[in-house]
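These notes are about the structure you will find just below.
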Amino acid sequence: MIKFFQKIRQNMINDIKVSKYLLYAIGEIVLVVIGILIALQINNANEIRKNQITESKYIEEMLEDFEINLQSSEKSLSALYRDLPALIELLKQSTLETPTVSIDSINKIFSFMQSMPFYSSTDRVYNNIMGSGDLKLITSSELKTALSNYYKALNVINIVQSTHEMVLVQQVQPYIIENLDFQAVFFKRINDYELPPPKEMDRIMEVLKDRKFRSVVVTKLAILEDLLQQNLIMEKLNSDIVDLLKEFQK
């Protein structure tokens, strides 16, 4: 009988040990899980901090690019605001019985026909972001939308500028070579060397009133007007992006 009760007691002791062990094991598991969660949280915090540093660097460098782009659009607009009135004046002179400005002035005005106001975009940071797949690091949806709109507009202005260049090469320059003294309407130096004076400064007066002359000038005006509108769009987009990037840095 005594052995029977001893066996029961031993069994109870064993049961108590098992229960304590199970509690200890569960506690250990809980601690491991908590440790893993803390480690994951620390890793996530480090990754977020790393991404924020990278994003801030992108924002800083992108601001430099778009400040350059804003200057480029302003430079193009300045040239267009100079060229458009000049060519309108040339068109006006062609309608008069006797021009009211000198032959030198008419030749100089016509030289704006060869002007190429060109908007050039600096895209080094944006290309790096797109190439590396880091666009996801830019947290501002407003900035992402502005960048998307900018690069859509950039594609358009590049097409317009290519058209402008094609008209210059295929229509304007051949017309000048055939009908004018190119040197007389080409007010430039070549590597700081003085050119001899042109032989036919007054040749432009022979074609000033021709329909073809006026058509060439009007074609150029139409393209410059198109370029003006596109550059105004680029200036606004650049200005908006610069403002967004500056706001992001505050």
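Would you pick out the residues in segment 206-228 that are exposed (fewer than 14 other Cβ atoms within 10 Å of the Cβ) and part of a helix (DSSP H, G or I)?
Glu206, Arg211, Lys212, Ser215, Val218, Ala222, Glu225
For segment 86-93, indicate whether the set of residues that are more than 17 Å from Ala222 (Cβ to Cβ), over 34 Å from the mean Cα position of the chain (by Cα) and of a type outside the set (Lys, Arg) is non-empty.
Within segment 86-93, one or more residues are more than 17 Å from Ala222 (Cβ to Cβ), over 34 Å from the mean Cα position of the chain (by Cα) and of a type outside the set (Lys, Arg).
Taking Thr145, is it free of Cβ contacts under 8 Å to residues at least 40 places away in the same chain, loosely packed, with under 13 Cβ neighbours inside 10 Å and of a type in the set (Val, Ile, Thr)?
Criteria met by Thr145.
Which condition number does Phe112 fail, the rest of (1) crowded, with 17+ Cβ neighbours inside 10 Å; (2) modelled with pLDDT of 90 or more; (3) over 22 Å from Val242 (Cα atoms) being met?
(2)
Would you please name the residue that is modelled with the highest pLDDT, looking only at residues in segment 176-205 that are assigned to a helix (DSSP H, G or I) and of a type in the set (Val, Ile, Thr)?
Within segment 176-205, the match that is modelled with the highest pLDDT is Ile204.
Just checking, which of Leu84, Leu91, Leu77, Leu96 is at pLDDT 90 or above, among the aliphatic types (A, V, I, L, M) and under 17 Å from Leu237 (Cα atoms)?
The match here is Leu77.
Does Ile159 qualify as being assigned to a helix (DSSP H, G or I), more than 30 Å from Ile53 (Cβ to Cβ) and either without any contact (Cβ under 8 Å) to a residue 40 or more places away in the chain or among the aliphatic types (A, V, I, L, M) (or both)?
yes
Select, from Met166, Met116, the only residue that is in a loop (DSSP other than H, G, I, E, B) and either among the small types (Gly, Ala, Ser) or closer than 26 Å to Gln230 by Cα (or both).
None of the others qualify; the one that does is Met116.
The values are calculated or read from the model by the stated rules, or taken from the named source; none is laboratory data. Only a predicted model underlies this, so the values are computations on that prediction, with no experimental measurement involved. For neighbour counting, all protein chains shown are included, and Cβ atoms are generated from backbone atoms with ideal geometry for every residue, glycine included.
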